[in-house]
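Q: The following block contains the structure, expressed as structure tokens.
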Amino acid sequence: MKNLCILGATGSIGVSTLDVISRHPDKYKVIALSANTNIALLYQQCIQFKPKYAVVVNPDKALILQQQLAQANITTTKILSGTDELVSIATLENVDMVMAAIVGAAGLLPTLAAAQAGKTVLLANKEALVMSGQLFMQAVVEAGATLLPIDSEHNAIFQCMPAQYKAGDVAKSVRKILLTASGGPFRITPIADLEHVTPEQAVAHPKWDMGRKISVDSATMMNKGLELIEACLLFNLSPTQVQVVIHQQSIIHSMVDYVDGSVLAQMGNPDMRIPIAHAMAYPERIDSGVAALDIFSVAQMDFTPPDLNRFPCLKLAQDAIQAGGIMPTVLNAANEIAVAEFLNETIKFTDIAKVIAKTMTNFDAGIIENLTQILHVDQAARTKAQTIIAELNS
Ligand code: NAD
Ligand code: MG
């Protein structure tokens, strides 16, 4: 029996994780769940999975959930509130595995705390790793934590790595990796039309059903940029060893190219329950609930290089990892602000890259020193991005 804490239980990844768990009540027990504000869904999850703890970040909503559960005579779950409690549930003594599925920088502290406590960390929250870089990877090594990637591409790469491979190790005999991307909803939209795309068009992903922030990131291909940085950290690679490949069918989830010319790929239907089940059961295999791949209905697979004029955010991420130091922290922070403002309809889709580029020019890469510095840079980059947006709109 493995005991789990799910950070971000009410999101797309959280819900898929609970779906896999519900198929294996003999193998997994939910100890703690968290949500930002969605108490309607968290209420249902508390009734179904009976966690010992549920954290609602918003205190008012936490109180409402507590009253609702009391009225329903559910006394099994203790309701907590505030961001500090995210760290508490991620480091509980009896928790074995922590699913890090909060979106954005908000997930850094509890995810890092889980790593420092030596847990098995199932990492979906790529922003936490991108913004903290080597600091996070060192914490994993020092605490003897196990880091398993959930991002479908990184999980695919991990599956294609040599036996016994651990995240952070130098991958012996690996020449490069091929990081696949669907190309998102605007893969072939005329570039001149991108200026006018709406949030609803941007979040309508052709292949994957995901949260709004990562859906916009997929549309700009910043998601692939963040994943490039994530791959360099997880697999100890230089950016030149990562080739982004547009593969619109999203059947191959990434590939590993070895020195002998062998290229290993992991394939499957585009459903996050596959990487989630893989990481939860690792090194065993369990049923994920995903239908078997029908290779005849796939029939054809296409591979093309990305066009950096169409996707300037991918180029900015390449520049950030090349610059190193805190530049990925700045890139991530500016992107979070720009995406939120695009979703608010305060800036245009094409302004996202402009805001990030301009924010980056205001910072020196330097080196990553400590957590305080990272949190400070994250905040400073957010403030700078907001100023740039205000100027853009004045
Ligand atoms: P989502 O928006 O559907 O869910 C986000 C979760 O985080 C929710 O449970 C929400 O309550 C919580 N949350 C949001 N803001 C918070 C805050 N300030 N403090 C605490 N909790 C907060 O997002 P998602 O699509 O499930 O993505 C989660 C993470 O997984 C992201 O980092 C994303 O990049 C990554 N990821 C997602 C997918 C996918 O298919 N959805 C695939 C690969 C990686
Ligand atoms: Mg991905």
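The values are calculated or read from the model by the stated rules, or taken from the named source; none is laboratory data. Just so you know, these numbers come straight off a predicted model, no measurement behind them. Every residue, glycine as well, gets a Cβ built from its backbone with ideal geometry; the counts of neighbours run over all protein chains shown. Only protein heavy atoms, including side chains, enter the accessible area calculation; ligands, DNA and RNA are left aside. Shrake-Rupley method; radii C 1.70, N 1.55, O 1.52, S 1.80 Å.
Q: From the backbone phi of the range 304-313, what are the Karplus-calculated ³J(HN,Hα) couplings (6.51 cos²θ - 1.76 cosθ + 1.60, θ = phi - 60°) in whole Hz, Gly and Pro given as x?
A: Residue by residue, the range 304-313 yields 9, x, x, 9, 6, 6, 6, 10, x, 5 Hz.
Q: Can you list residues from other chains, or at least 5 along the same chain, whose modelled amide H is less than 5 Å from the amide H of ARG175?
A: Sorted by chain and number, the residues that satisfy this are ASP257, TYR258, VAL259.
Q: Kindly write out, for the range 363-377 in residue order, the coupling ³J(HN,Hα) from the Karplus curve 6.51 cos²θ - 1.76 cosθ + 1.60 (θ = phi - 60°), rounded to whole Hz, with x marking Gly and Pro.
A: For the range 363-377, the Karplus-derived couplings read 10, 9, 5, x, 9, 6, 9, 7, 5, 4, 4, 4, 5, 5, 4 Hz, x marking Gly and Pro.
Q: Also, quick follow-up: With N denoting the number of residues in the chain, provide Rg(C-alpha) divided by 2.2 N^0.38 Å, to two decimal places.
A: Compared with the compact-globule rule of thumb, the chain sits at 0.96.
Q: Still on this structure: Using modelled amide H (1.01 Å from N, peptide plane; none on Pro or chain starts), what sits under 5 Å from the amide H of VAL244, excluding residues fewer than 5 places away?
A: Amide H to amide H, under 5 Å and 5 or more residues apart or across chains, VAL244 pairs with LEU179.
Q: Still on this structure, please answer the following. Considering only DSSP beta bridges whose two residues both sit in the chain, what percent are antiparallel, to the nearest 5?
A: If we restrict to bridges inside the chain, about 25 percent are antiparallel.
Q: Give me the 1.4 Å probe accessible area per residue for the chain, excluding ligands and nucleic acids, in Å².
A: 43 Å²
Q: Check SER254: other-chain or 5+ apart residues with amide H under 5 Å from its amide H, H built from backbone geometry?
A: Those qualifying (amide H under 5 Å, at least 5 residues apart or on another chain) are THR180, GLN266.
Q: Counting other Cβ atoms within 10 Å of each Cβ, which trypsin sites (Lys or Arg not before Pro) in the range 139-182 have at most 14 and sit in a DSSP loop?
A: Passing sites in the range 139-182 are LYS166, LYS172.
Q: Right, next: Tell me, what ³J(HN,Hα) does each residue in the range 49-58 have, in order and in whole Hz, if you take phi through Karplus 6.51 cos²θ - 1.76 cosθ + 1.60 with θ = phi - 60° and put x for Gly and Pro?
A: 9, 6, x, 6, 9, 9, 9, 10, 4, 6
Q: OK, next. Any chance you could check the Cα centroid distance between the range 236-253 and the range 310-325 for me, in angstrom?
A: Cα centroid to Cα centroid, the span is 15 Å.
Q: Restrict the search to the range 326-380; then list the chymotrypsin sites (Phe, Trp or Tyr not before Pro) that DSSP places in a loop and that have at most 16 other Cβ atoms within 10 Å of their Cβ.
A: The qualifying sites: there are none.
Q: Using 0.36 nm per residue of separation minus the Cα-Cα distance, give me the extension gain between ALA143 and ARG175 in nm, one decimal.
A: Separation in residues times 0.36 nm, less the Cα-Cα distance, equals 8.6 nm.
Q: To continue, here is another question. So, with a 1.4 angstrom probe, what is the percent of accessible area on the range 2-149 that is carbon and sulfur?
A: Solvent-exposed carbon and sulfur of the range 2-149 make up 50 percent of the total.
Q: Excluding the sites themselves, what is the longest stretch of the chain that contains no GluC sites (Glu not before Pro) in a DSSP loop with at most 11 other C-beta atoms within 10 Å?
A: Value returned for the longest uninterrupted segment is 94-283.
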